[in-house]
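S.K.: One structure is given below, represented as structure tokens, and several questions about it will come after.
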Amino acid sequence: MLFDISPAVTENLTDKGFPAKERQVSVLRLDKIHPVVSGNKLFKLHYFLLEAQQSQHKTILTFGGAYSNHLAATAHACSLAGLTCIGMVRGEEPASLSHTLRQCRGEGMRLRFLSREEYDRKEEPVFLEALRREYGDCTIIPEGGYHPLGAKGAAGIHQCIHDDYTHICTAMGTATTAAGLLLGASPLQKILVVPVLKGMHDFNERIRYLTGNATPSAGLEWIDGYHFGGYAKKNDELLRFMNQAWEQYQLPLDFVYSAKLFYAVTDLVQQNYFPAGSRILCVHTGGLQGNESLPPNTLTY
Ligand SMILES: *Cc1c(COP(=O)(O)O)cnc(C)c1O
């Protein structure tokens, strides 16, 4: 691992007054590993970084939007690992760069802006070949690390999980982290997945592709209805919830992923979704750098 993962402690929220009603709710603080290379991204990148380090080309090329945690993490990890790094950004170059892209450029990532039409071709072999001709041989990481190697890396999150939980809960973007958690889970554990995008219908296909498994494990549950209108959408209730989580549990959440996960788990506890006696672990996947796109003073932390 490129980073020391020992800061990823587990905190028991029930001890901190979380109203869990005979259920134990804990949080795995992957966000504490590094402020930029947030939690799950480090794990998803692991095998790609190894591959690039062992190659002749020592170059990584990847894809993301202007606020992408994945681009931010890749830029920082590549600068630490001494790798050349190229970021393909969705959309035309804006007059002023987002804080995420400024950080990426500051870490040495070369940015290339693709029109939406070009960006939509990012998985086509012909398109990737053209990029290789242009930039030379390189390790290409699909957007968000969405690839079996990314899932294999995400399975490494289990190195940070030391207790025998009945439920491990995660926010879901590409489902790579969920697939990794599933790969490393014991047969009695349930992986509970909260999509942050609206209208995810291909969840089972994603898990099959990522795990290489023809039948998705029965240990996987997918809870829709907590996306707050879609990716990176938010409302006052979510923002209030975030400030409350900070006040009560000193838990900093990001509005795109971890806040929606914690909101969902809190709500599901209230609805007695989890059987009494459940030991629930929420994975805080990080992403706090994304809060910088909120207007000043939106959050109290
Ligand atoms: C990228 C990201 C996710 C989503 O992970 P997937 O593996 O794409 O499902 C969750 N939380 C945070 C903070 C992220 O940055």
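The values are calculated or read from the model by the stated rules, or taken from the named source; none is laboratory data. The structure displayed is predicted, hence computed values, not measured ones. Glycine gets a Cβ as well: all are built from the backbone with ideal geometry, and neighbour counts include every protein chain shown.
S.K.: Going by what's in this entry, would Ala185 be described as under 21 Å from Val283 (Cα atoms), touching a His at 6+ places or on another chain (Cβ under 9 Å), small (Gly, Ala, Ser) and surrounded by 14 or more Cβ atoms within 10 Å (Cβ to Cβ)?
M.R.: On the way: under 21 Å from Val283 (Cα atoms): yes; touching a His at 6+ places or on another chain (Cβ under 9 Å): yes; small (Gly, Ala, Ser): yes; surrounded by 14 or more Cβ atoms within 10 Å (Cβ to Cβ): yes.
Considered against the rule, which asks whether it is under 21 Å from Val283 (Cα atoms), touching a His at 6+ places or on another chain (Cβ under 9 Å), small (Gly, Ala, Ser) and surrounded by 14 or more Cβ atoms within 10 Å (Cβ to Cβ), Ala185 comes out as yes.
S.K.: Of the residues that make up the stretch 183-206, is at least one among the aromatic types (Phe, Trp, Tyr), within 15 Å of the ligand (Cβ to nearest atom) and at pLDDT 95 or above? Walk me through it before giving the result.
M.R.: Taking the stretch 183-206 first, the residues among the aromatic types (Phe, Trp, Tyr) are 203.
Narrowing further to those that are within 15 Å of the ligand (Cβ to nearest atom): 203.
Checking which are at pLDDT 95 or above leaves us with none.
Checked the stretch 183-206: no residue is among the aromatic types (Phe, Trp, Tyr), within 15 Å of the ligand (Cβ to nearest atom) and at pLDDT 95 or above.
S.K.: Looking only at the stretch 130-148, which residues are under 19 Å from Gln56 (Cα atoms) and in a helix (DSSP H, G or I)?
M.R.: Going residue by residue through the stretch 130-148, those that are under 19 Å from Gln56 (Cα atoms) are 131-141.
Once the filter is applied, which keeps residues that are under 19 Å from Gln56 (Cα atoms) and in a helix (DSSP H, G or I), the stretch 130-148 yields Leu131, Arg132, Arg133, Glu134, Tyr135.
S.K.: Could you check, for the stretch 99-106, whether at least one of its residues is part of a loop (DSSP other than H, G, I, E, B) and surrounded by fewer than 19 Cβ atoms within 10 Å (Cβ to Cβ)? Give the derivation first.
M.R.: To start, the set of residues in the stretch 99-106 that are part of a loop (DSSP other than H, G, I, E, B) comprises none.
Looking through the stretch 99-106, none of the residues is part of a loop (DSSP other than H, G, I, E, B) and surrounded by fewer than 19 Cβ atoms within 10 Å (Cβ to Cβ).
S.K.: Could you please give the count of residues in the stretch 142-167 that are among the hydrophobic types (A, V, I, L, M, F, W, C) and away from the ligand (no atom under 14 Å from the Cβ)? Give the steps one after another, and end with the answer.
M.R.: Here is the first cut: in the stretch 142-167, the ones among the hydrophobic types (A, V, I, L, M, F, W, C) are 149, 151, 154-155, 157, 160-161.
Still in the list and also away from the ligand (no atom under 14 Å from the Cβ): 160-161.
Number of matching residues: 2.
S.K.: Which one of the conditions (1) in a loop (DSSP other than H, G, I, E, B); (2) in contact (Cβ under 8 Å) with a residue 60 or more places away in the chain does Gly230 fail to meet, given that it meets all the rest?
M.R.: Here Gly230 meets the rest and fails (2).
S.K.: Further, regarding this structure: Across the stretch 6-48, which residue is farthest from the ligand (Cβ to nearest atom) among those that are farther than 17 Å from Ala77 by Cβ and among the hydroxyl-bearing types (Ser, Thr, Tyr)?
M.R.: Looking only at the stretch 6-48, we keep the residues that are farther than 17 Å from Ala77 by Cβ, and these are 6, 9-29.
Filter once more, keeping what is among the hydroxyl-bearing types (Ser, Thr, Tyr): 6, 10, 14, 26.
Numbers: Ser6: 20, Thr10: 17, Thr14: 23, Ser26: 17 Å.
Per the stated criteria, the residue is Thr14.
S.K.: If Gly219 satisfies every condition in (1) in contact with a Pro (Cβ under 8 Å, 6 or more places away or on another chain); (2) loosely packed, with under 14 Cβ neighbours inside 10 Å; (3) small (Gly, Ala, Ser) but one, which is the exception?
M.R.: For Gly219, the exception is condition (2).
S.K.: When you look at Thr170, is it within 12 Å of the ligand (Cβ to nearest atom), surrounded by 15 or more Cβ atoms within 10 Å (Cβ to Cβ), touching a residue at least 60 places away in the same chain (Cβ under 8 Å) and among the hydroxyl-bearing types (Ser, Thr, Tyr), yes or no? Even if it seems obvious, please write down each step before you answer.
M.R.: On the way: within 12 Å of the ligand (Cβ to nearest atom): yes; surrounded by 15 or more Cβ atoms within 10 Å (Cβ to Cβ): yes; touching a residue at least 60 places away in the same chain (Cβ under 8 Å): yes; among the hydroxyl-bearing types (Ser, Thr, Tyr): yes.
It is true that Thr170 is within 12 Å of the ligand (Cβ to nearest atom), surrounded by 15 or more Cβ atoms within 10 Å (Cβ to Cβ), touching a residue at least 60 places away in the same chain (Cβ under 8 Å) and among the hydroxyl-bearing types (Ser, Thr, Tyr).
For every residue, the table says whether it meets (1) in contact (Cβ under 8 Å) with a residue 24 or more places away in the chain; (2) in a helix (DSSP H, G or I).
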{"residue": "Glu117", "(1), (2)": "no, yes"}
{"residue": "Lys122", "(1), (2)": "yes, no"}
{"residue": "Leu128", "(1), (2)": "no, yes"}
{"residue": "Gly150", "(1), (2)": "yes, yes"}
{"residue": "Ile157", "(1), (2)": "yes, yes"}
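S.K.: Condition (residue is buried (at least 17 other Cβ atoms within 10 Å of the Cβ), in contact (Cβ under 8 Å) with a residue 40 or more places away in the chain, among the charged types (D, E, K, R) and within 11 Å of the ligand (Cβ to nearest atom)) applied to the stretch 258-278: is it met by at least one residue?
M.R.: Taking every residue of the stretch 258-278 in turn, at least one turns out to be buried (at least 17 other Cβ atoms within 10 Å of the Cβ), in contact (Cβ under 8 Å) with a residue 40 or more places away in the chain, among the charged types (D, E, K, R) and within 11 Å of the ligand (Cβ to nearest atom).
S.K.: Also, I was wondering about something else. Here are the criteria: (1) assigned by TED's automatic domain parsing to the domain that holds Leu188; (2) part of a loop (DSSP other than H, G, I, E, B); (3) within 16 Å of the ligand (Cβ to nearest atom); (4) surrounded by 14 or more Cβ atoms within 10 Å (Cβ to Cβ). Tell me which single one Leu299 does not satisfy.
M.R.: (1)
S.K.: Of the conditions (1) modelled with pLDDT of 95 or more; (2) within 15 Å of the ligand (Cβ to nearest atom), Gly290 fails just one. Which one is it?
M.R.: Failing condition for Gly290: (1).
S.K.: For the stretch 1-93, give me every one of the strands (runs of 3 or more DSSP E) that falls completely inside it and has 1 or more residues that are under 23 Å from Gly156 (Cα atoms) and at pLDDT 95 or above. Walk me through how you get there before you give the answer.
M.R.: Working: elements: 10-12, 24-29, 59-64, 84-90.
Qualifying strands (runs of 3 or more DSSP E): 10-12, 24-29, 59-64.
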